[in-house]
Structures are given as structure tokens and as C-alpha cells.
1. Quickly run through region 163-177 and pick out the residues that are small (Gly, Ala, Ser) and modelled with pLDDT under 95.
2. Could you tell me which of the residues Ile125, Ile98 is under 17 Å from the mean Cα position of the chain (by Cα) and among the aliphatic types (A, V, I, L, M)?
3. Got a sec? Which of Ala216, Ala225, Ala207, Ala229 is under 14 Å from Arg145 (Cβ atoms) and either buried (at least 16 other Cβ atoms within 10 Å of the Cβ) or not charged (D, E, K, R) (or both)?
4. In region 81-131, which residues are surrounded by 20 or more Cβ atoms within 10 Å (Cβ to Cβ), small (Gly, Ala, Ser) and more than 22 Å from Ser55 (Cβ to Cβ)?
5. Which one of these is touching a residue at least 24 places away in the same chain (Cβ under 8 Å), of a type in the set (S, T, N, Q) and under 18 Å from Thr42 (Cβ atoms): Gln138, Gln172?
6. Can you tell me which residue among Glu149, Glu126 is farther than 20 Å from Ala39 by Cβ, of a type outside the set (Lys, Arg), in contact with a Gly (Cβ under 8 Å, 6 or more places away or on another chain) and touching a residue at least 40 places away in the same chain (Cβ under 8 Å)?
7. Taking Pro191, is it in contact (Cβ under 8 Å) with a residue 40 or more places away in the chain and surrounded by fewer than 18 Cβ atoms within 10 Å (Cβ to Cβ)?
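The values are calculated or read from the model by the stated rules, or taken from the named source; none is laboratory data. As the structure is a computational prediction, the values presented were derived from the model and not from experiment. A quick note on method: Cβ atoms are made from the backbone with ideal geometry, for glycine too, and the neighbour counts reach across all protein chains shown.
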Amino acid sequence: MSEPAQVEALLVEALLVDARSGPIGGALETARTDWPDRATLTWWTIDRPTLVLGSAQPADHVDEEAAAALGVDVLRRASGGGAVLLAPGDVVWGDVVIPPGHPRWSDDVVAAADWVGEAWIEALIELGLAADSLERHQGNLVTSRWSSEVCFAGRGPGEVLWNGRKVVGLSQRRSRRGARFQMAALLRWNPTTIVRLLALDDEERTAATAALDAVATGLPLLAPALQAAVGRALSRRS
């Protein structure tokens, strides 16, 4: 089994990581235990549908029977926030890790992710999206009725909106060994599946689907081009 491909953020080239070299659970375990001593960017390829819960998210948010019926794995990440549904072709998923003392390190946990969001906006502009259609959320977390259950229902520090709808979600884990920013960008957004995976009654499912449909959207971009552009933008800001 090959190790995840990683590159220093100081380099312009961003290497792709093939998650088929190991299960997504292995990628999440790497995120818990691997703290490189240099700024590092890792991209993961998603090879099977997986619902990834936030570190403190209650397990009873999930309808386990629905997950089994739909063939969706349920795992947990080490960073906070609501659930993200990782499905092949729907999401670009990556990590940026910086060690203490890195020029982009900030003790302010609210401002710490700003540079990551700025890099995403720079990349999206490079790929043809209008600058005035993009926005980086500034300040504290903005919650909604569904944000404790679904990541894309809230707005956190550094996260990116396109035409007022969230397209890039960020979560953060910090330790004495560094700061890890987990990044999820939507290429397609249909909230029906993630709502089916939640332990909700029929009325709640209807309300959640309508609310989630209005707050997020997919980017009309191809994953390899997006990953390369984000890698370049991150390296320029390192």
C-alpha cells in the first residue's frame, strides 16, 4: 500500500493522492496521527460514498439503516463541524498542514483559516469565476437549523461562497504539532442523499432538503484543474 503523496506548500506542484491505495478510514486516521514538520498539502481521491461526521457530532444524527441500504460508510474525522458526504465525483477533498512557527500560523483560531479561503478564491478566479461572485466568510461561525448536522448548512471562518451559496467547507484541528485545515469543495450538490442519511422524520426531511438546497451549490469545474490551481494559490501564499 502506497503512502499518501504529499508536497511542501512552498512548491508549486500539488500531487494527487489516490485513496484506492487504502480506505477512506485510513486517510482519516492519517489526519489524526500524521503531523509533518513542513507545510504540506495532501489531496485524497474518494472511491466510495462515505458520510464523515465531525469530531463531536452525535452518532445518533445518522440513520444507520438508511446508510446500510444506500451502501454509505459512516466514519468520523478529528476536526469539528457537521457531516460531509464524500461521494466519487461530487467533492474535492484535501488537507493542508502547517507547523507552529510557519508564516501563516495564527494563534487566533477564527482568523487562522483566512489564508486558505483566500487561496481558494484566487484559484477559482484563475479558473474563470468572476471575482465579484466570490466571498470568503469572515468572523465567527454562523449557524443554522441544520448546521450541527450538515457542514454545508453553516458558514465557518475562511469558507468560500459563490453567488451567496457555500462551495468550499473548511474544518480545523490544532495541536502543539501544527494546524490541519481539512477542505471539501463541492462539484455537485444534491442534498437529497445526505438528508436521507440523517435520523429525521418526514417533515424534517422535507424542510432540511429545501433549506440545504438553497445554501450550497456545486462548482462547474473539473477536479484535476481545481486541485492544481488551489495548489498553486496555496504555494504563493506560503
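1. Answer for region 163-177, where residues must be small (Gly, Ala, Ser) and modelled with pLDDT under 95: Ser171, Ser175.
2. After ruling out the rest, the residue left standing is Ile98.
3. That would be Ala207, the only listed residue that is under 14 Å from Arg145 (Cβ atoms) and either buried (at least 16 other Cβ atoms within 10 Å of the Cβ) or not charged (D, E, K, R) (or both).
4. Within region 81-131, Ala119, Ala123 qualify.
5. Only one candidate passes the filter, namely Gln172.
6. Glu149
7. In short, no.
Conditions (1) modelled with pLDDT of 95 or more; (2) out of contact with any strand residue (DSSP E or B) (no Cβ under 6 Å at 6 or more places or on another chain); (3) at positive phi, marked per residue:
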residue: Arg32; (1), (2), (3): no, yes, no
residue: Thr40; (1), (2), (3): no, no, no
residue: Ile46; (1), (2), (3): no, no, no
residue: Ala56; (1), (2), (3): no, yes, no
residue: Ala66; (1), (2), (3): yes, yes, no
residue: Ala69; (1), (2), (3): yes, yes, no
residue: Val72; (1), (2), (3): yes, no, no
residue: Pro88; (1), (2), (3): no, yes, no
residue: Ile98; (1), (2), (3): no, no, no
